[in-house]
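The values are calculated or read from the model by the stated rules, or taken from the named source; none is laboratory data. As the structure is a prediction and not an experimental result, all values here were calculated from the model. Neighbour counts run over all protein chains shown; Cβ positions are idealised from the backbone, glycine included. Surface accessibility is based on the protein's heavy atoms, side chains included, excluding ligands, DNA and RNA. Shrake-Rupley method; radii C 1.70, N 1.55, O 1.52, S 1.80 Å.
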Amino acid sequence: MPNVSRIMGFRPMKHVNGSPYNGQANIYYVPASDATPLFVGDPVKLAADANSDGFPQCIKATAGAAVLGVVVGIINTKFDPVAGRMSTGSVLLDTPVYRPAMTGQYVLVCDAPDVIYEVEAVTGSNATYSFALSDVGLNADLSVVTGSTVTGMSAAALNMATAAVTATLQFKIMGVVPRPDNELTGVNTKVLVKINNAQLSAGTGTAGL
C-alpha cells in the first residue's frame with residue numbers, strides 16, 4: 001500500500017560516517033524582528049550579527065539559500081540560557097512548542113554539515129511526488145511551507161520539482177529511509193538527505209549525479 005504522508009520537517013538521523021546522531025546542537029537566537037514562525041524541523045540560515053548576549057542569530061531558510069542547519073529544539077522564553085535561570089511565572093506545558101512570529105527566542109540548531117536527515121519528498125507546495133530510485137544522488141531545494149501553530153509541527157519538506165544536478169541546490173539525496181513502513185518508490189516517500197549548500201562548509205555544494 002502507498003506510504004502515508006507524515007510531513008514533519010527535517011529530522012536528524014545519523015552522520016555521514018554512519019555514527020548515530022546523539023542530539024548535539026548549538027544555541028542560536030531568532031530576532032524579534034523576524035515575522036516568520038519557526039518550528040522544530042525547519043531548516044535555518046544565519047542572520048546578520050549576534051544578539052546582545054553574543055549568540056549568533058538565525059532565521060528560517062528560504063529556497064535557494066545556503067543552509068546553516070535544522071532546528072531541533074525551541075527554548076521557552078522564560079528560560080535564560082545565559083544566566084541559567086528561569087524568569088518569574090509558570091510555563092504552559094499544554095501548548096504547541098514553536099517560535100511565534102515577532103518573538104525574540106533562543107533555539108537549538110543541529111548545524112553539523114555532515115548530518116543526514118529524514119524528510120518527505122514532495123513537489124511544489126507539499127503536493128505528492130512519485131519518488132524513483134533514479135532520484136538518489138540528485139540535489140534539491142526545500143519546500144518552504146509554514147508549520148502548524150495548532151500541532152507545533154514543521155511543514156518543511158524536500159521539493160522534488162527543483163531536483164537537478166546543480167551544485168548550489170540546498171540538499172543532496174543520499175538514499176531512501178530503510179523502514180518497513182516506507183516503500184522505496186511512489187508517493188510520500190521518506191528520503192535521506194544531507195545539506196549540500198552549507199553555510200558552515202567551504203564552497204557552495206557539489207554537483208548531483
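For Asn76, the conditions (1) outside any loop (DSSP other than H, G, I, E, B); (2) over 14 Å from the mean Cα position of the chain (by Cα) all hold with the exception of (1). One residue stands out in segment 18-31 among those that are assigned to a loop (DSSP other than H, G, I, E, B), touching a residue at least 60 places away in the same chain (Cβ under 8 Å) and open to solvent by less than 50 Å² (accessible area, probe 1.4 Å): the one that is farthest from Val82 (Cα to Cα), namely Tyr21.
Scanning segment 10-20 for residues that are more than 9 Å from the chain's Cα centre (by Cα) and not hydroxyl-bearing (Ser, Thr, Tyr) yields Met13, Lys14, His15, Val16, Asn17, Gly18, Pro20. Taking the listed residues Ser130, Ser154, Ser143, the one that is open to solvent by 40 Å² or more (accessible area, probe 1.4 Å) and either in contact with an Asp or Glu (Cβ under 9 Å, 6 or more places away or on another chain) or among the small types (Gly, Ala, Ser) (or both) is Ser130, with no other qualifying. One residue stands out in segment 109-127 among those that are among the small types (Gly, Ala, Ser) and part of a loop (DSSP other than H, G, I, E, B): the one that is most open to solvent (accessible area, probe 1.4 Å), namely Ser125. Criterion applied to Gly137, Gly175, Gly208 was being farther than 30 Å from Arg99 by Cβ and outside any loop (DSSP other than H, G, I, E, B), and the one residue passing it is Gly175. Per the listing Ala161, Ala83, the residue uniquely free of Cβ contacts under 8 Å to residues at least 40 places away in the same chain, open to solvent by 40 Å² or more (accessible area, probe 1.4 Å) and assigned to a loop (DSSP other than H, G, I, E, B) is Ala83. Among the residues of this structure, Ile7 counts as one that is part of a loop (DSSP other than H, G, I, E, B) and either of a type in the set (A, V, I, L, M, F, W, C) or touching a strand residue (DSSP E or B) at 6+ places or on another chain (Cβ under 8 Å) (or both).
Being small (Gly, Ala, Ser), at pLDDT 95 or above and closer than 19 Å to Phe10 by Cα narrows it down to one of Gly152, Gly205, Gly175, so name that one.
So the residue among Gly152, Gly205, Gly175 that is small (Gly, Ala, Ser), at pLDDT 95 or above and closer than 19 Å to Phe10 by Cα is Gly175.
In the set Ile59, Ile7, only one residue is under 14 Å from the mean Cα position of the chain (by Cα), surrounded by 12 or more Cβ atoms within 10 Å (Cβ to Cβ) and without any contact (Cβ under 8 Å) to a residue 40 or more places away in the chain; that residue is Ile59.
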